[in-house]
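Below is one structure; the comments refer to it alone.
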Amino acid sequence: MCLKNPVMTASGTYGFGEEYADLVDLSRLGGIVVKGTTLEPRQGNPYPRMVETPSGMINAVGLQNKGVDYLVEHIYPRIKDLDTALVVNVSGRTVEDYATVCERLRPLDKIAAVEINISCPNVKQGGMSWGTTTAGCESVVSACRRAWDRTMIVKLTPNVTDITEIARAAEAAGADSVSLVNTFLGMAIDVERRRPYLSTITGGLSGAAIRPIAVRMVWQVAQAVKVPVIGLGGIMNGRDAVEFLLAGATAVQIGTANFIDPQVTVKAIDFISNYMERHGIERISDIRMV
């Protein structure tokens, strides 16, 4: 997959891209990662499933989507001609789910890549995420590699002891790239009601609050694997994006910030361009820390 610039949107924060078409020149983006897609339609978790926290938010939407067949039949015809790289985020409860979604997407020649979300619960292991063990990671990534013949990105969960081990497992199983980090497990309690804000009690923390940890993890993984690293987690502006590139990322994804400023992506692209000019840097790969 070739990007025209290193700024992409993060899955779950940008719909299918078309929702932002009146606000942003989508052709300027390096790529759009569409919302998480599963084999069967999912209703998501009961409300309330989102709460704002200091410098961030916690969500427990639960991968609400209409399933891969709906995407193929109804969404893809509307977005296939967008002048940017299209990436489909793939999720599943079983290895077979992941592989089947990839197979259903394979005939869509305008999909540049899939992003395999291994933060989903492994129902055979009592809800433990696929991405929390090297064995779970390898099983999903290997199956998707057999089912998908184009660029495959593996999205890593930060809720592990050593993220470099999981990144190496993904690389060994056939990943062309890894993206990190997904959300951190968090919780918020309404002290007056003495109850959790979210119906699921816990959820995924995103936003500026997680950026320093995400940068650290990107830096660690960039030194541990040879495949390109896509950095995300709390990028709120162009300066934040450059921080991830300095840490070793080849590209970045912007997520929660889109809810605050729909044009944050194009502003980040302009900032990176100006930064490179000011520092006499010709290639993105040369931004990395010396």
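Pairs to check: Lys155/Lys226; Lys80/Lys155; Lys226/Lys267. Give those whose C-alpha atoms are more than 21 Å from each other in this structure. Write out the running numbers ahead of the final one.
Details: Lys155/Lys226 16 Å; Lys80/Lys155 23 Å; Lys226/Lys267 30 Å.
Listed pairs above 21 Å: Lys80/Lys155; Lys226/Lys267.
Got a sec? How would Ile116, Ile287, Ile201 order by Cβ neighbour count within 10 Å, fewest to most? Kindly include the intermediate steps, with their values, before the conclusion.
Details: Ile116 34, Ile287 20, Ile201 12.
Neighbour counts put them in this order, fewest first: Ile201, Ile287, Ile116.
With a point put 7 Å past each Cα toward its Cβ, work out how far Glu103 is from Gln223 in nm, to one decimal.
Distance between label points: 4.2 nm.
To the nearest 20 debye, what charge dipole does the chain have about its Cα centre, counting +1 at the Cβ of each Lys and Arg and -1 at the Cβ of each Asp and Glu? Can you show the working numbers first?
Numbers: 29 positive and 30 negative charges, 92 e Å.
It works out to roughly 440 debye.
Which of rounded, prolate or oblate describes the chain when judged by the alpha-carbon gyration tensor and an a/c cut-off of 1.5? Intermediate values should be presented prior to the final figure.
Details: a/c = 1.25, a/b = 1.12, b/c = 1.11.
It comes out rounded by the Cα gyration axes.
Work out, step by step, the length gained on full extension between Met50 and Tyr70: first 0.36 nm times the residue separation, then minus their alpha carbon distance; give nm to one decimal. List each step's numbers first, then the result.
Numbers: separation 20, 0.36 × 20 = 7.20 nm, distance 2.53 nm.
That works out to 4.7 nm of additional length.
Let me know the charge dipole size of the stretch 225-290 about its Cα centre in debye, to the nearest 20, where only the beta-carbon of Lys, Arg (+1) and Asp, Glu (-1) is charged.
Details: 6 positive and 7 negative charges, 34 e Å.
Charge dipole, the stretch 225-290, about its Cα centre: 160 debye, nearest 20.
By how many nm would the segment from Arg195 to Asp83 grow when fully extended, if each residue of separation counts as 0.36 nm and the alpha-carbon distance is taken off? Don't skip to the end; give the middle numbers.
Numbers: separation 112, 0.36 × 112 = 40.32 nm, distance 4.61 nm.
Computed gain between Arg195 and Asp83 is 35.7 nm.
Could you work out the local net charge near Asp286, counting Lys and Arg as +1, Asp and Glu as -1, over the other residues with Cβ closer than 15 Å to its Cβ?
On the way: positive: Arg278, Arg283, Arg288; negative: Glu277, Glu282.
Computed value for this residue: +1.
What is the distance in Å between the Cα centres of the stretch 21-43 and the stretch 234-277?
18 Å
For the chain, set up a GNM with springs between Cα atoms under 10 Å and report which of Thr200, Thr161, Thr151 has the largest fluctuation.
Between Thr200, Thr161, Thr151, it is Thr161 that shows the largest mean-square fluctuation.
So between His279 and Asp25, what do we pick up on full extension, going 0.36 nm a residue minus the alpha carbon distance? If you can, show how the numbers build up before the last one.
Numbers: separation 254, 0.36 × 254 = 91.44 nm, distance 2.69 nm.
Answer, rounded to one decimal: 88.8 nm.
Rounded if a/c is under 1.5, else prolate if a/b beats b/c, else oblate: with a ≥ b ≥ c from the C-alpha gyration tensor eigenvalues square-rooted, which is the stretch 94-238? Mind showing how you got there, number by number?
Working: a/c = 1.83, a/b = 1.43, b/c = 1.28.
Prolate, since a/c reaches 1.5 and a/b exceeds b/c.
What order, most packed first, do the peptides 277-286, 140-149 have when packing is the mean number of other Cβ atoms within 10 Å of each residue?
Details: 277-286: 10.5, 140-149: 19.9.
For the peptides 277-286, 140-149, the packing ranking is 140-149, 277-286.
Kindly rank 178-186, 227-235, 204-212 from highest to lowest mean number of other beta carbons found within 10 Å of each residue. Intermediate results must be reported in sequence, preceding the final value.
Values: 178-186: 24.0, 227-235: 26.7, 204-212: 21.1.
Packing proxy ranking, top to bottom: 227-235, 178-186, 204-212.
With labels modelled as points extended 7 Å from the Cα through the Cβ direction, what inter-label distance (nm, one decimal) is found for Asn237 paired with Asp162?
3.8 nm
Decide, for the stretch 204-290, between rounded, prolate and oblate: order the square roots of the alpha carbon gyration tensor eigenvalues as a ≥ b ≥ c, take rounded if a/c falls under 1.5, and otherwise choose prolate if a/b is larger than b/c, else oblate.
Working: a/c = 2.15, a/b = 1.09, b/c = 1.97.
It comes out oblate by the Cα gyration axes.
Per residue of the chain, what 222 nm ellipticity follows from adding -39500 (n - 2.57) for every DSSP H run with n ≥ 4, rounded to the nearest 500? Let's see the in-between values first.
On the way: 8 runs with 81 residues, N = 290.
Helices in the chain give a 222 nm mean residue ellipticity of -8000 deg cm²/dmol.
Evaluate the relative contact order of the stretch 91-186 (contact order divided by residue number), counting alpha-carbon pairs under 8 angstrom at least 6 apart; express in whole percent.
Working: 169 pairs, mean separation 27.4, N = 96.
The value is 29 percent.
Can you tell me the Rg and Dmax of the stretch 1-68, counting just the alpha carbons, in angstroms?
14.2, 39
Quick one: order Lys80, Lys35, Lys155 by neighbouring beta-carbon count within 10 Å, fewest to most.
Values: Lys80 12, Lys35 22, Lys155 28.
Ascending number of Cβ neighbours within 10 Å: Lys80, Lys35, Lys155.
FYI, it's all coordinate maths here, none of it is from the lab. What you are looking at is a predicted structure, and each value in this text was computed from that prediction instead of being measured. Neighbour counts run over all protein chains shown; Cβ positions are idealised from the backbone, glycine included.
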